[in-house]
Amino acid sequence: MTVLAGGELLTGNMMSLPIAWFARQITLYSVLRNWFWVTLANLLGSLAVAYFFGHVLGLTEGAFLAKTVATATAKINATFSQAFISGIGCNWLVCLAMWLAYASKDMGGKVIGMWFPVMAFVAIGFQHVVANMFIIPAAIFAGALTWSQYLPNFVAVFLGNAVGGAVFVGLMYFLAYRPNAESVAQQR
């Protein structure tokens, strides 16, 4: 929804900006700077939603609290390598969804193109760094987990999502669709 509405989601930028870097259109510094600021913005938005809607309003309390805590606990109890590989799988699917949305000409096509890969990552239980920015802090605000428990998960999933987006989708599509040297020379 963020992407359809014109916003920036870190995991999508983990694919699209490396493609521009592979094509030498931007610097690595530009990629990392964008990832930093978008991570911060996504984190602040997720924390606000988790706190105000989840904790204060109570949408993650009561009957939902047990599921929220169980989900968050399962995520932080994954080993670093499990969380990293889960992050790769997640963003492989998320970025395929983004690629399908980019290819579609109308809103309906974008929604349908994004729906199946996103639902697949959710059904499989892969870890998404931005989704975790909501679910784990929601459990923290409920007093079930701590920030120090969250940090290793954040690092592992962030790195896994970066590899999934930049390498498994971004690099592969860049290599598949890059212009050959002759056509680039003709454009100049």
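The values are calculated or read from the model by the stated rules, or taken from the named source; none is laboratory data. No experiment lies behind these values; they were computed from the predicted model shown. Positions of Cβ are backbone-derived with ideal geometry, glycine not excepted, and every protein chain shown enters the neighbour counts.
Brief remarks follow.
- Val163 satisfies every condition listed in (1) farther than 14 Å from Ala83 by Cβ; (2) β-branched (Val, Ile, Thr); (3) modelled with pLDDT of 95 or more except (1).
- Residues (in a helix (DSSP H, G or I) and in contact (Cβ under 8 Å) with a residue 12 or more places away in the chain) located in region 117-130: Pro117, Val118, Ala120, Phe121, Ile124, Val129, Val130
- Conditions (1) outside any helix (DSSP H, G or I); (2) in contact with a His (Cβ under 9 Å, 6 or more places away or on another chain): number failed by Leu59: (2)
- Hey, Phe154 surrounded by 14 or more Cβ atoms within 10 Å (Cβ to Cβ) and either farther than 23 Å from Pro18 by Cα or under 14 Å from the mean Cα position of the chain (by Cα) (or both) or not: yes
- Being assigned to a helix (DSSP H, G or I), crowded, with 20+ Cβ neighbours inside 10 Å and either free of Cβ contacts under 8 Å to residues at least 24 places away in the same chain or among the hydrophobic types (A, V, I, L, M, F, W, C) (or both) holds for only one residue in Ala97, Ala48, and it is Ala97.
- Only a single criterion out of (1) farther than 14 Å from Ile76 by Cβ; (2) in contact (Cβ under 8 Å) with a residue 24 or more places away in the chain; (3) surrounded by 14 or more Cβ atoms within 10 Å (Cβ to Cβ) is not satisfied by Ser104, namely (2).
- Any hit, region 29-36, residues being closer than 28 Å to Arg178 by Cα and among the charged types (D, E, K, R): yes
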